[in-house]
Amino acid sequence: MNYAPKPNDMTALIEADRAHVWHHLSQHKAYETVDPQLIVEGKGMRIWDARGKEYLDATSGGVWTVNVGYGRTSIADAVRDQLVKLNYFAGAKGSEPGARFAQKLIEKMPGLTRVYYSNSGSEANEKAFKMVRQIAARHHGGRKWKILFRERDYHGTTFGALAACGQPQRNADYGPYPDGFVEVPHCLEYRSQYPDAESYGIAAADAIEAVILREGPDTVGALCLEPITAGGGVITPPAGYWQRVQEICTKYNVLLHIDEVVCGLGRTGAWFGYQQYGVTPDFVTMAKGLASGYAAISCTVTTEAIFDLFKSDAADPMNYFRDISTFGGCLAGPAAALENMRIIEEESLLENTQAMGLRLRDNLLALMERHAAIGEVRGCGLFYGAELVADRKTREPLAEAKVQAVVAKCMELGVIIGATNRSLPGLNNTLTLSPALIATEADIDRITDAIGQALTSVLG
Ligand code: PMP
């Protein structure tokens, strides 16, 4: 088809999209009756669609990414300057923005020293998985090769990452998967039968120990967890959980891999989510907010001790990390990430996230008093979930159609919010809120006002 849309012909553009684009995570049958939505512009917290409608974005680009907001010309300038100077060189060579950004990042991550570049969250996680496997092969005689992951956590879309996926409908149909990925139970306290958070927290962590003992500690190499489970329900860890997890990892010599793809770069009000819990990881992976979506970049960050395991002399010529990411050498990534970090620091966005996060929490708790459908509010910083229930006593999840109707009503009111992905049968009932770290009090109030109106409109 010879299709040449004129720049201003948005109807033609929408038809071009309908005819040729396969959207992520979408049931395209729906587009037979409604238009696909094209987002064409953004500034600060606001975006505009192809029809010119304005929205306040409470999702940071749909999937927790645009941490510093839209339309940042200083990031565009930094990227442009770097691309003009040198756009790319990969292989075994380093680069100017790569070295600068790694140094800056490491300043915020005490105990960690080494940054490995790639370009998506999935890929960053795969790198850590491969490092664990190579350590097992080269240093543990092939033992310690298993990687534990948690029910409800998500680590990406590639086969290794899907093997480590705690959301069943995300990885159904695409197997078989590589061996050696083993699930541990989730840590959502809401429907647990424990008398208090602390005893639940310890029990949830002990459940990980039980899996290690069942599998055999000498077979388990690493445990991969999100600091706060994101798409699986915004699950904040119960009291005592992380401390106990750390003890268990130390006891059984299991490397701790923390997936900060969502929580990293300020989302929770700290540079990294794990820093809220005083944990010492062996691997930290990050992507989304790392360059706020201005360039594709991800990092696998680790310790000097791990790095040293890959150094040896001619006696073992295979013992280096035999991995490359072609576009991990694309220099727009670290150039954008460096400017992104500068903005977070200079505009005190961690402090803003903490303050606005408290307001978001207070507003949601106030909504909870007026709307019985809100069963629980969970989160930290500018990262919140409001779990919707059909009945507060039984905690039965609200039907997905109703949750989606609340999201759609907010959109109609000009506010974009999210909901936990449709991969959790019966548990796709949590509204998710992750506005950019630049959100103001007025933005937060508008978001929660829209949710209140939507709840009234959908549920009465
Ligand atoms: N880890 C987590 C916690 C995520 O939420 C995601 C993406 N939603 C990923 C990893 C995968 O990142 P990407 O889509 O960039 O591969």
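The values are calculated or read from the model by the stated rules, or taken from the named source; none is laboratory data. Note that the structure is a prediction, hence the values are computed from the model and not measured. Here the Cβ positions follow ideal geometry from the backbone for every residue, glycine too, while neighbour counts run over all protein chains shown.
What the table shows:
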| read-out | value |
| --- | --- |
| Residues satisfying the stated conditions in the range 282-299, i.e. within 16 Å of the ligand (Cβ to nearest atom) and farther than 26 Å from residue 77 by Cα | 283, 284, 285 |
| All helices (runs of 4 or more DSSP H) inside the range 1-114 with 3 or more residues being closer than 30 Å to residue 279 by Cβ | 96-107 |
| Checklist (1) surrounded by fewer than 21 Cβ atoms within 10 Å (Cβ to Cβ); (2) closer than 20 Å to residue 58 by Cα; (3) out of contact with any Phe, Trp or Tyr (no Cβ under 8 Å at 6 or more places or on another chain) applied to residue 379, failing item | (1) |
| Pairs where the first residue, in the range 153-169, is closer than 12 Å to residue 129 by Cα and touching a residue at least 12 places away in the same chain (Cβ under 8 Å) and the second is among the small types (Gly, Ala, Ser) and in a loop (DSSP other than H, G, I, E, B), C-beta under 6 Å, 6+ apart | 155/164 |
| Output for the range 78-133, where each listed residue is among the hydroxyl-bearing types (Ser, Thr, Tyr) and over 26 Å from residue 308 (Cβ atoms) | 88, 120, 122 |
| Residue list for the range 28-81, restricted to those being modelled with pLDDT of 95 or more, among the hydrophobic types (A, V, I, L, M, F, W, C) and out of contact with any strand residue (DSSP E or B) (no Cβ under 7 Å at 6 or more places or on another chain) | 63, 64, 66, 68, 75, 76, 78, 79 |
| Sole residue being away from the ligand (no atom under 15 Å from the Cβ) and surrounded by fewer than 18 Cβ atoms within 10 Å (Cβ to Cβ), chosen from 346, 339 | 346 |
| Pairs where the first residue, in the range 399-421, is assigned to a helix (DSSP H, G or I) and the second is aromatic (Phe, Trp, Tyr), C-beta under 8 Å, 6+ apart | 411/55 |
| Qualifying residue in the range 95-118 (condition: touching a Gly at 6+ places or on another chain (Cβ under 7 Å), within 16 Å of the ligand (Cβ to nearest atom) and in the same structural domain as residue 284 (by TED's automatic domain parsing)) | yes |
| The range 147-187: number of residues that are closer than 24 Å to residue 210 by Cα and aromatic (Phe, Trp, Tyr) | 4 |
| Which numbered condition residue 48 misses (of (1) assigned by TED's automatic domain parsing to the domain that holds residue 353; (2) free of Cβ contacts under 8 Å to residues at least 24 places away in the same chain; (3) crowded, with 17+ Cβ neighbours inside 10 Å) | (3) |
| From the options 107, 54, 32, residue that is loosely packed, with under 13 Cβ neighbours inside 10 Å, touching a Phe, Trp or Tyr at 6+ places or on another chain (Cβ under 6 Å) and not small (Gly, Ala, Ser) | 54 |
| Residue identified as touching a residue at least 12 places away in the same chain (Cβ under 8 Å) and within 12 Å of the ligand (Cβ to nearest atom) among 254, 262, 279, 245 | 262 |
| Some residue of the range 75-94 being more than 17 Å from residue 329 (Cβ to Cβ) and within 16 Å of the ligand (Cβ to nearest atom) | no |
| Test for residue 72: is it touching a Leu at 6+ places or on another chain (Cβ under 9 Å) and touching a residue at least 12 places away in the same chain (Cβ under 8 Å) | no |
| Restricting the range 1-25 to residues that are at pLDDT 90 or above and not aliphatic (A, V, I, L, M), the residue that is surrounded by the most Cβ atoms within 10 Å (Cβ to Cβ) | 17 |
| Looking only at the range 354-373, and only at residues there that are surrounded by 22 or more Cβ atoms within 10 Å (Cβ to Cβ) and touching a strand residue (DSSP E or B) at 6+ places or on another chain (Cβ under 6 Å), the one that is farthest from residue 453 (Cα to Cα) | 360 |
